[in-house]
Structure formats: C-alpha cells, structure tokens
Amino acid sequence: MLTLPEPLLLRLVCFLSPDDTLSLAQTCRHLARLAGEDLVWRRHFLYRWPDAGMQDEGATPAWKARYMARDRAGVAAVSATGLDPALGPLYRHMADWNAEEGMGGRLGRAFFAGYNAANADELMLRFGVRL
C-alpha cells in the first residue's frame with residue numbers, strides 16, 4: 001500500500017470512516033501524516049454535519065480539531081441526558097443512515113423519543129440528524 005502514489009493514498013484515506021482513519025494513523029508515520037490531512041477531516045466533518053460547514057468559524061479551520069470537538073460535545077450531550085455514552089457510536093451510525101436514506105428524521109425521532117421525549121430533538125440535532 002505504501003508504494004502507491006501519495007495523491008492516490010490520500011484519496012483512499014478520504015473514503016475511510018473517521019474511526020478507521022484514526023486507526024490507520026496508528027500504523028506508521030507516513031500514513032499518520034496522510035490521515036491527519038485537513039482534506040480528510042474536512043470530508044468527515046461535512047459528511048456528518050453538512051450544514052455546520054457553512055458557518056463562519058475562522059479563516060482556516062483545523063478540520064480534525066473541529067470534528068473532535070463537535071464529536072465530544074455530542075458525547076457530552078448524551079451523557080447529560082442519562083443515556084449510556086457508550087451508545088454514541090450507535091447514535092452516529094443511525095444519524096448517518098437516516099441522512100443517507102432520506103428518512104427525514106423519522107427513524108431518529110422515534111428512536112430518541114423512546115428514551116427521553118423532552119430531549120429527542122436536541123439530541124438528534126447534536127448528532128447531525130436533519131429533520
């Protein structure tokens with residue numbers, strides 16, 4: 001894999017999930033550098049929070065730092081509701097699936113409302129489910 005041209009490697013890294021990107025960064029310095037590129041984390045960020053990328057957050061955002069900060073905020077939001085924070089990845093996966101399948105938030109609303117109706121909409125927004 002390391003013998004592939006760097007632009008191709010970077011393109012391949014862009015198709016990994018955020019968790020897989022972080023795992024890849026653990027393998028060697030060369031792949032860690034590629035896995036930390038702003039291009040990679042910009043794609044991850046805008047895929048998960050498409051509307052958030054339009055907000056003005058400085059001239060040159062550090063996309064990985066923005067992604068990690070927003071992800072931590074989502075985990076904290078789940079913790080504040082009393083839900084198990086270990087379920088955060090499930091909520092993120094559900095939000096991604098919900099957005100891809102065009103469910104308009106119905107699946108997410110039903111799932112979150114079953115746990116805490118008062119905070120269902122807020123949780124869905126924090127995890128990137130668009131209504």
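Each row is one residue, and each column tells you yes or no for (1) modelled with pLDDT under 75; (2) in a loop (DSSP other than H, G, I, E, B).
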{"residue": "Leu2", "(1), (2)": "no, yes"}
{"residue": "Leu16", "(1), (2)": "no, yes"}
{"residue": "Ser23", "(1), (2)": "no, no"}
{"residue": "Val40", "(1), (2)": "no, no"}
{"residue": "Gly53", "(1), (2)": "yes, no"}
{"residue": "Glu57", "(1), (2)": "yes, yes"}
{"residue": "Arg66", "(1), (2)": "no, no"}
{"residue": "Asp71", "(1), (2)": "no, no"}
{"residue": "Ala80", "(1), (2)": "yes, no"}
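Count of the range 15-30 residues, restricted to those that are in contact (Cβ under 8 Å) with a residue 24 or more places away in the chain and farther than 21 Å from Arg48 by Cβ, is 2.
The values are calculated or read from the model by the stated rules, or taken from the named source; none is laboratory data. Everything numeric in this text was worked out from a predicted model, so none of it was measured. Methodologically, a virtual Cβ is constructed for each residue, glycine included, from the backbone with ideal geometry; neighbour enumeration extends over all protein chains shown.
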